[in-house]
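The values are calculated or read from the model by the stated rules, or taken from the named source; none is laboratory data. What you see is a predicted model; the values in this text were computed from it and never measured. Positions of Cβ are generated from backbone atoms using ideal geometry, with glycine treated the same way; all protein chains shown enter the neighbour counts.
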Amino acid sequence: MNNMRLTERAVQATDTKITARKVQVHYGASHAIKDVDIDILDKTVTAFIGPSGCGKSTFLRCLNRMNDTIAICRVEGAILLDGEDIYDKKVDPVQLRARVGMVFQKPNPFPKSIYDNVAYGPKIHGLVRNKAELDEVVESALRKAALWNEVKDRLNAPGTGLSGGQQQRLCIARAVATSPEVLLMDEPCSALDPIATAQVEELIDELRANFSVVIVTHSMQQAARVSQRTAFFHLGNLVEFGETGQIFTNPRDPRTESYITGRIG
Amino acid sequence: MTMVETPAPRSLYTADARTKARNAAEKRFRIYGIAAVAIGLLALVVLLSSVLGSGLGAFRQSVLSLPITLDAKALDPKGHRDPAEMAKATTVTYGKLITKALEAVVIEKNLAPGMKSKQIGELISKEAPAGLRDMVLANPSLVGTTITYDVLASGRVDGFFKGRVTMESAALDSNISPEQLQLADKLRAEGMLKLAFNPGFLTNPDASELRPESAGLGVAILGSIYMMVIVLCLALPIGVAASIYLEEFAPKNRFTDLIEVNVANLAAVPSIVYGILGLAAFINFAGMPQSSPLVGALVLTLMTLPRIIIPTRAALNAVPPSIREAALGVGASKTQTIFHHVLPLAVPGILTGAIIGLAQALGETAPLLLIGMVAFVKDYPGAPPEGVLDPASAIPVQIYNWTQRADPAFVERASGAIIVLLVFLLVMNSLAVILRRKFERRW
Ligand SMILES: Nc1ncnc2c1ncn2[C@@H]1O[C@H](COP(=O)(O)OP(=O)(O)OP(=O)(O)O)[C@@H](O)[C@H]1O
Ligand SMILES: [Mg+2]
């Protein structure tokens, strides 16, 4: 793993954005997340890694209460965003999701035009006052998602008509357009080619200046390239969480070590 | 070491036994499929040809073109040409004028020597004088002139030209005699009596047992249209709102399960039960007028609701969950998600369901019989909105009604009405297809 430029990354931020304590998630009778404690820092990229089915997506979806939509899903414990419990009765998940955006594992653009896909969030949250501002937001979001050059001539074409990788970048643009404080990305690059992946990784690095980013990935290289902190999940447990450099070069737990060296997965 | 023996490579050009068996099975299945489709098509062809064969005649009617002298002395003795005064001249007076005109022709051409004026007059429909009278009252300046007017021939004469009445049957018939039919034949040879397109079939109200030639679907079509509009305005919004609530908002518990089972059951309840309900609830309890399109529409709405709710829920359910997640993920509220993303994708399915439900309601007879829409209605219902409380008929009820009558002329009318009903259904179903195409989008 000598190509990973691990040591170049200094972790600057120390403010905690999200704090999770004793989080349990049940899907009916099955216990998907067990006693997870984690502190996600502001202006930092945090990577979730772990074998398939270990609960990375499940935990990620707890952070913006997307699990509320699954009837059998039960979340216990405390998750605080800037010190406020997001599972408090007074919290409206809609307001929360405006601040904690999400990019899903499978690209899911709306069956509307490319423009409308990106403009939808700013419109419903009243972030713009007029069409010119909206145009600006749409363009900058598409630029950030490295999609602008490909679609600038066909903003009115349907978003579903794009290729899989373009659709995923459209979804990233859609999430970025609402300027969330935290961006949750569930394997955002699984449908992308290496060039688009590099562009998205660059975007993630840029986003770090303003937002806190949490990314689930199956690519250890990607985790090492983009993140400052890495969490390793296994069978619903958070096995190890620390600076990315330390996790990849000097894991404390034998399970982490066997996973990153390719022995469990 | 034992190894599984690999079969010797075989040529791709010869099919092995398993492949042959599979291909034979596929072929058999194709034949069954084609046979099934053929049976369906055959049934359709038989149905359509029998309906068209017996019903198309209703759109053509025997008419006599007669030069009628509108005698001023008889019609407007005071000479003021005032419709109020002229209304004193009854249809009897007009009937005499028409008979006189026909008699003049018959005598001039010597078509039926020795036939009495009364018998000649029987060739003409008893409904004809009323039509002439309405025309003159609407345009008094015609009085005193001679106009060429198309009068309806009587039902028997019409039946004679359509093959329903023969010389033999006429000999036994008190309403027509073979001599009169011979006269009709001669008039046809003279070009005065002919089969012409009959707009009255679509516009006239129903007529009595003795005047099949003037019976039309006007009141029934109007009644059916009133009902369909009301059903659409009530059943679609209520049905869609109920479906959205049940599908998207309602908690999944025993109570909603119960509702779900009941909706499914209601869709299967025989329609006559809705008629009994309507009779009890709307007429006996709420005191609404019998035979009115409003009551008919309310009953049909109750019947159509579950038939809209079920496909609407299915359409909402078929919207991929990823779309909902996407909307929720950018911070849309539940209502925004539904109205901005889910509903637009479900619209084609909802429209198809609604139109099919409506088409079923259009063809429904049994519940309407129970709320009195089977009554003989001769007057058009008024203009909406008050008109929906006036007595009216409906197309399927009119069909039922006509098949009950003794005169075989009404069989032709009934088949004609079935054609009209089928055209309505065809239009509605095409509309469903067009709307579905229009709103269908990929995702
Ligand atoms: N909607 C659901 N209903 C029931 N069980 C679920 C549901 N979603 C996930 N699970 C279960 O929860 C566990 C964790 O799933 P999760 O999707 O979080 O895994 P993951 O780490 O994201 O895996 P992958 O890397 O394959 O995406 C799995 O055992 C899965 O079967
Ligand atoms: Mg996952």
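Considering only the stretch A:180-202, I want to know if a residue exists there that is away from chain B (no Cβ under 14 Å), modelled with pLDDT of 90 or more, touching a Leu at 6+ places or on another chain (Cβ under 6 Å) and buried (at least 18 other Cβ atoms within 10 Å of the Cβ).
No; the residues of the stretch A:180-202 include none that is away from chain B (no Cβ under 14 Å), modelled with pLDDT of 90 or more, touching a Leu at 6+ places or on another chain (Cβ under 6 Å) and buried (at least 18 other Cβ atoms within 10 Å of the Cβ).
What's the number of the condition B:Cys233 fails, among (1) in a helix (DSSP H, G or I); (2) within 14 Å of chain A (Cβ to nearest Cβ)?
Condition not satisfied by B:Cys233: (2).
Name the one entry in A:Arg169, A:Arg174, A:Arg208 that is touching a residue at least 40 places away in the same chain (Cβ under 8 Å) and either within 14 Å of chain B (Cβ to nearest Cβ) or closer than 24 Å to A:Asn108 by Cβ (or both). I'd like the intermediate steps shown before the answer.
Details: A:Arg169 fails: touching a residue at least 40 places away in the same chain (Cβ under 8 Å); A:Arg208 fails: either within 14 Å of chain B (Cβ to nearest Cβ) or closer than 24 Å to A:Asn108 by Cβ (or both).
That would be A:Arg174, the only listed residue that is touching a residue at least 40 places away in the same chain (Cβ under 8 Å) and either within 14 Å of chain B (Cβ to nearest Cβ) or closer than 24 Å to A:Asn108 by Cβ (or both).
Can you spot a residue in the stretch A:114-129 that is within 14 Å of chain B (Cβ to nearest Cβ) and among the aromatic types (Phe, Trp, Tyr)?
yes
When A:Glu150 is evaluated against the numbered criteria (1) among the acidic types (Asp, Glu); (2) more than 9 Å from chain B (Cβ to nearest Cβ); (3) out of contact with any helix residue (DSSP H, G or I) (no Cβ under 9 Å at 6 or more places or on another chain), which criterion, by number, is the only one it fails?
Of the numbered conditions (1) among the acidic types (Asp, Glu); (2) more than 9 Å from chain B (Cβ to nearest Cβ); (3) out of contact with any helix residue (DSSP H, G or I) (no Cβ under 9 Å at 6 or more places or on another chain), the odd one out for A:Glu150 is (3).
Tell me, which residue of the stretch B:388-443 that is within 18 Å of B:Lys162 (Cα to Cα), charged (D, E, K, R) and within 20 Å of the chain's Cα centre (by Cα) is nearest to the other protein chains (Cβ to nearest Cβ)?
Checked the stretch B:388-443; the qualifying residue nearest to the other protein chains (Cβ to nearest Cβ) is B:Arg413.
Filter the stretch B:283-294 for residues that are at pLDDT below 90 and touching a helix residue (DSSP H, G or I) at 6+ places or on another chain (Cβ under 8 Å) and give the result.
B:Ile283, B:Met288, B:Pro289, B:Gln290, B:Ser292, B:Pro293
Taking strands (runs of 3 or more DSSP E) that do not extend beyond the stretch A:172-265, which have at least 3 residues that are within 16 Å of ligand 2 (Cβ to nearest atom)? Give the steps one after another, and end with the answer.
On the way: elements: A:182-186, A:212-216, A:229-234, A:237-243.
Strands (runs of 3 or more DSSP E) meeting the threshold: A:182-186, A:212-216, A:229-234.
Six or more apart or on different chains, Cβ under 8 Å: which pairs go from a residue in the stretch B:152-163 that's farther than 13 Å from B:Asp185 by Cα to one that's charged (D, E, K, R) and outside any helix (DSSP H, G or I)? Could you list them?
Note: pairs meeting the criteria are B:Leu152/B:Glu127; B:Ser154/B:Glu122; B:Ser154/B:Lys126; B:Gly155/B:Arg211; B:Gly155/B:Asp407.
Looking only at the stretch B:323-331, decide whether some residue is more than 10 Å from chain A (Cβ to nearest Cβ) and aliphatic (A, V, I, L, M).
No, the stretch B:323-331 contains no residue that is more than 10 Å from chain A (Cβ to nearest Cβ) and aliphatic (A, V, I, L, M).
Which residues, counting only those in the stretch A:140-171, are in a helix (DSSP H, G or I) and among the basic types (Lys, Arg)?
Start the filter on the stretch A:140-171 by keeping residues that are in a helix (DSSP H, G or I), which leaves A:140-144, A:148-151, A:159-161, A:164-171.
Selection gives A:Arg143, A:Lys144, A:Arg169.
Need a quick list: strands (runs of 3 or more DSSP E) entirely within the stretch A:32-126 having at least 3 residues that are touching a residue at least 12 places away in the same chain (Cβ under 8 Å), small (Gly, Ala, Ser) and more than 16 Å from ligand 2 (Cβ to nearest atom). Walk me through it before giving the result.
Values: elements: A:45-49, A:73-81, A:100-103.
Output list is empty.
Within the stretch B:245-304, can you find the residues that are within 14 Å of another protein chain (Cβ to nearest Cβ) and out of contact with any Lys or Arg (no Cβ under 6 Å at 6 or more places or on another chain)?
So in the stretch B:245-304, the residues within 14 Å of another protein chain (Cβ to nearest Cβ) come out as B:247-253, B:256-257.
B:Glu248, B:Phe249, B:Ala250, B:Pro251, B:Lys252, B:Asn253, B:Thr256, B:Asp257, listed by residue number.
In the stretch B:63-81, is there at least one residue being of a type in the set (Val, Ile, Thr), within 12 Å of B:Ala128 (Cα to Cα) and in contact (Cβ under 8 Å) with a residue 12 or more places away in the chain? Show your work before the answer.
Step one: filter the stretch B:63-81 for residues of a type in the set (Val, Ile, Thr), giving B:63, B:68-69.
Subset that is within 12 Å of B:Ala128 (Cα to Cα): B:63.
Filter again for in contact (Cβ under 8 Å) with a residue 12 or more places away in the chain, leaving B:63.
Yes: one or more hits.
If I filter the stretch B:338-354 for residues that are more than 14 Å from chain A (Cβ to nearest Cβ), within 30 Å of B:Gln61 (Cα to Cα), touching a Ser or Thr at 6+ places or on another chain (Cβ under 6 Å) and in contact (Cβ under 8 Å) with a residue 60 or more places away in the chain, do I get at least one hit?
Just the residues of the stretch B:338-354 that are more than 14 Å from chain A (Cβ to nearest Cβ), to begin with: B:349-354.
Imposing the further condition that a residue be within 30 Å of B:Gln61 (Cα to Cα) reduces the set to none.
Looking through the stretch B:338-354, none of the residues is more than 14 Å from chain A (Cβ to nearest Cβ), within 30 Å of B:Gln61 (Cα to Cα), touching a Ser or Thr at 6+ places or on another chain (Cβ under 6 Å) and in contact (Cβ under 8 Å) with a residue 60 or more places away in the chain.
If A:Ser163 meets every condition in (1) surrounded by fewer than 21 Cβ atoms within 10 Å (Cβ to Cβ); (2) within 12 Å of chain B (Cβ to nearest Cβ); (3) closer than 26 Å to A:Val216 by Cα; (4) polar (S, T, N, Q) apart from one, which number is that one?
Checking A:Ser163 against (1) surrounded by fewer than 21 Cβ atoms within 10 Å (Cβ to Cβ); (2) within 12 Å of chain B (Cβ to nearest Cβ); (3) closer than 26 Å to A:Val216 by Cα; (4) polar (S, T, N, Q), the one that fails is (2).
Can you name the residue in the stretch B:64-93 that is β-branched (Val, Ile, Thr) and assigned to a helix (DSSP H, G or I) and, of all such residues, is surrounded by the most Cβ atoms within 10 Å (Cβ to Cβ)? Break it down into steps so the answer makes sense when it comes.
As a first pass, look at the stretch B:64-93 and keep what is β-branched (Val, Ile, Thr): B:68-69, B:90-93.
The next check asks that each one be assigned to a helix (DSSP H, G or I); those that pass are B:91-93.
Values: B:Thr91: 17, B:Val92: 9, B:Thr93: 14.
That would be B:Thr91.
Confirm whether B:Ala267 is among the hydrophobic types (A, V, I, L, M, F, W, C) and touching a residue at least 24 places away in the same chain (Cβ under 8 Å).
On the way: among the hydrophobic types (A, V, I, L, M, F, W, C): yes; touching a residue at least 24 places away in the same chain (Cβ under 8 Å): yes.
Taking the combined requirement at face value, the residue satisfies it.
Contact list please: Cβ distance under 7 Å, first residue in the stretch B:186-197 and assigned to a helix (DSSP H, G or I), second residue not polar (S, T, N, Q), pairs at least six apart or on different chains.
B:Lys186/B:Leu111; B:Leu187/B:Leu64; B:Leu187/B:Leu111; B:Leu187/B:Leu193; B:Arg188/B:Lys194
Could you check, for the stretch B:430-438, whether at least one of its residues is at pLDDT 90 or above and either touching a His at 6+ places or on another chain (Cβ under 6 Å) or in the same structural domain as B:Val229 (by TED's automatic domain parsing) (or both)? Give the derivation first.
We begin by selecting, within the stretch B:430-438, every residue at pLDDT 90 or above; these are B:430.
Now narrow it down to the ones that are either touching a His at 6+ places or on another chain (Cβ under 6 Å) or in the same structural domain as B:Val229 (by TED's automatic domain parsing) (or both): B:430.
Scanning the stretch B:430-438 turns up at least one residue that is at pLDDT 90 or above and either touching a His at 6+ places or on another chain (Cβ under 6 Å) or in the same structural domain as B:Val229 (by TED's automatic domain parsing) (or both).
Give me a count of the residues in the stretch B:384-394 that are surrounded by fewer than 24 Cβ atoms within 10 Å (Cβ to Cβ) and of a type in the set (A, V, I, L, M, F, W, C). Quick ask: steps written out before the conclusion?
Restricting attention to the stretch B:384-394, the residues satisfying the condition of being surrounded by fewer than 24 Cβ atoms within 10 Å (Cβ to Cβ) are B:384-391.
Now restrict to residues that are of a type in the set (A, V, I, L, M, F, W, C): B:388-389.
Count: 2.
Only residues that are under 19 Å from A:Leu41 (Cα atoms) and either within 13 Å of ligand 1 (Cβ to nearest atom) or surrounded by fewer than 16 Cβ atoms within 10 Å (Cβ to Cβ) (or both): list them for the stretch A:61-106, please.
A:Arg61, A:Cys62, A:Leu63, A:Ala78, A:Asp82, A:Gly83, A:Glu84, A:Asp85, listed by residue number.
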